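This report concerns only the one structure given below.
The values are calculated or read from the model by the stated rules, or taken from the named source; none is laboratory data. Because the structure is a prediction, the values reported are computed rather than measured. Here the Cβ positions follow ideal geometry from the backbone for every residue, glycine too, while neighbour counts run over all protein chains shown. To get the accessible areas, we keep the full protein, side chains included, count just its heavy atoms, and leave off ligands, DNA and RNA. Shrake-Rupley method; radii C 1.70, N 1.55, O 1.52, S 1.80 Å.
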Amino acid sequence: MARVDVKMPDEFLERMSRLGSKFDSIAETVLEAGGEVVLEKTKSNLSSVIGSGTKYDSRSTGELEDSLGLSGVKMDRNGNFNIKVGFSEPRSDGGSNAKLANVIEYGKSGQPAKPFLKPAKTASKKQCIEAMKQTFETEVAKL
């Protein structure tokens, strides 16, 4: 059986050891900073596609845009922290915001797709990583 040893840089190990018991709260703060970047890009994309390129006047109530938000930071069963951009449910008319967003993203018969989620993910990736790095550096410096 093969064995691999990975040596971390001393500076990195020192910074990680300073986190100690504050790791969970710092991880939450870092994820929230990155999530905000993605959320803002998603909201911008959604606003630009709703009601555009339609045969009829838009009947948008703004409820879908208002329901877009961030989940709380949660730990999955593998011990990884996650935060999600999504829609709160249900709509005031009893329908599903996620279903409506899916129709906008992927289209349906007679309605072309108007992607807003995937382009937001792609466009905000670098900014998200930078925001998370900057927040991490700020939080570590506070210790």
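Of all residues in the stretch 72-83, those being part of a loop (DSSP other than H, G, I, E, B) and either modelled with pLDDT under 85 or surrounded by fewer than 13 Cβ atoms within 10 Å (Cβ to Cβ) (or both) number 6. Every listed requirement among (1) open to solvent by 80 Å² or more (accessible area, probe 1.4 Å); (2) of a type in the set (D, E); (3) more than 21 Å from I26 (Cβ to Cβ); (4) at pLDDT 90 or above is met by E130 save one, (3). Just one residue in the set L100, L31 is under 30 Å from R15 (Cα atoms), in contact with a strand residue (DSSP E or B) (Cβ under 9 Å, 6 or more places away or on another chain) and of a type in the set (A, V, I, L, M); that residue is L31. Has the stretch 37-60 got any residue that is at pLDDT below 90, open to solvent by less than 50 Å² (accessible area, probe 1.4 Å) and part of a helix (DSSP H, G or I)? Scanning the stretch 37-60 turns up at least one residue that is at pLDDT below 90, open to solvent by less than 50 Å² (accessible area, probe 1.4 Å) and part of a helix (DSSP H, G or I).
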